[in-house]
Amino acid sequence: MSLGPLMVDLAADSLSVQERDLLNSPRVGGVILFSRNFTSISGLAELISEIHALRHPRLLVATDQEGGRVQRFREGFTRLPAIEELGKVYDMDPIRACRLSEVTGWLMAAELRSIGVDFSFAPVLDLNSKMSRVIGERAFHKNPEIVAELALHYIRGMRRAGMQAVAKHFPGHGSVAADSHTDLPVDSRRYQDILMRDMEPFRSVIDKGIAGIMVAHVVYERIDKSIATYSSKWLGAVLREHLDFRGVIFSDDLSMKAAAIDDEYVVRTQLALRAGCDMVLICNAGEQAALVAERLENGSSPTSQIRLTRMHGGRGPISYTELRNSDVWQSAVLQVESYRNLPYEDLLV
């Protein structure tokens, strides 16, 4: 069975009969896990193992483990600083910041891989323009060149741990105030302004072969009246053709307010897939996800299949216990703790 274009979530820390049926649908290709799916390290590892055993090729298992306020699994995992802290370190010591970024990317990925998670939706490449309520500390810096440099080191660390990266939120969510979870953000800037600033970090990681990119639920009204998720201009003409991106295009969650162009989730899914997404996320809407899995007419293309299989975690990870007993893990934890919650309030960033 091939990997379908839907990524869905789970209600609790174990699979229900209905969820098991949903995950066996040929339209489903992945599962995204949240804090509600965690009760213990062993329980989470068992759940992931059960998901992976359902099908071949195995379903993708993902989460959001950025650090700061967006870290789904906390107990038993290293508390990761918000990546904004790496930007603050960079303003004082760029070499140290790049080293810490790589160590942080490795630590985040190694801990997740040790329990079987294939990838995290990270890193955030939006600019910290101080405008966005939903981005803020989730961004490395306001300077696109610094964002690109720190991101490349972070991704290098992830790859060393056997995890591919997913940069988000293309072409940039940092310059709009509205939160796409609850509103429809509209960016009125010219294409050239977005290209020269917000898109520069994405260009850098694409040139280095990043495997995945998540699209922003934002309308860039001078380019297209649809959100980027539903825009073939952004996903086809810009991302695929102009930037020559060859990896997976993920939608953000289609249950978010900004994506609610139609009450029918089948319509939303079709719009995203036709625009160029390889995989769409439907979260916190289990009945709707099941309905899409039942009614969606076309599955992934052969090209999407090749892209999606690249997202599987690589190099069979060592166990959680072995990882935590290793010198490299203990060293990484100390390095990450060295820049967590440092008093940088007086810095101009």
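Quick note: the coordinates plus some simple rules give every number you see, no bench work behind them. This is a predicted model, so every value here is computed, not measured. Reconstructed Cβ throughout: ideal geometry from the backbone, glycine too, with neighbour counts over all protein chains shown.
Residue-wise test of (1) under 10 Å from Pro201 (Cβ atoms); (2) over 16 Å from the mean Cα position of the chain (by Cα).
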residue	(1), (2)
Met131	no, yes
Ala161	no, yes
Ala165	no, no
Phe170	yes, no
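Rundown of residues vs (1) touching a helix residue (DSSP H, G or I) at 6+ places or on another chain (Cβ under 7 Å); (2) of a type in the set (A, V, I, L, M); (3) not in a helix (DSSP H, G or I), yes/no style:
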residue: Val280; (1), (2), (3): yes, yes, yes
residue: Glu287; (1), (2), (3): no, no, no
residue: Ala290; (1), (2), (3): yes, yes, no
residue: Ser300; (1), (2), (3): yes, no, yes
residue: Arg307; (1), (2), (3): no, no, no
residue: Thr321; (1), (2), (3): no, no, no
Go through the residues of region 60-70 one by one and say whether even a single one is more than 30 Å from Arg27 (Cα to Cα) and surrounded by fewer than 20 Cβ atoms within 10 Å (Cβ to Cβ).
yes
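Can you tell me which residue among Ala62, Ala45 is among the hydrophobic types (A, V, I, L, M, F, W, C), touching a Leu at 6+ places or on another chain (Cβ under 9 Å), under 22 Å from Arg160 (Cα atoms) and not in a loop (DSSP other than H, G, I, E, B)? So that I can check it myself, show each step before the final result.
On the way: Ala45 fails: touching a Leu at 6+ places or on another chain (Cβ under 9 Å).
Going through Ala62, Ala45 in turn, the sole match is Ala62.
Based on what the data block shows, is Arg113 closer than 30 Å to Tyr320 by Cα and crowded, with 23+ Cβ neighbours inside 10 Å?
Numbers: closer than 30 Å to Tyr320 by Cα: yes; crowded, with 23+ Cβ neighbours inside 10 Å: yes.
When the stated conditions are applied, Arg113 passes them.
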Hits in region 4-26 - residues which are part of a loop (DSSP other than H, G, I, E, B), of a type in the set (A, V, I, L, M) and closer than 26 Å to Asp278 by Cβ
Leu10, Ala11, Leu15
I'd like to know if region 296-305 contains one or more residues that are surrounded by fewer than 19 Cβ atoms within 10 Å (Cβ to Cβ) and more than 23 Å from Pro57 (Cα to Cα).
no
Subset of region 231-247 (residues that are touching a Leu at 6+ places or on another chain (Cβ under 6 Å) and β-branched (Val, Ile, Thr)):
none
Out of the residues in region 189-233 meeting the condition of being under 20 Å from Gln164 (Cα atoms) and β-branched (Val, Ile, Thr), tell me which one is surrounded by the most Cβ atoms within 10 Å (Cβ to Cβ).
Val215
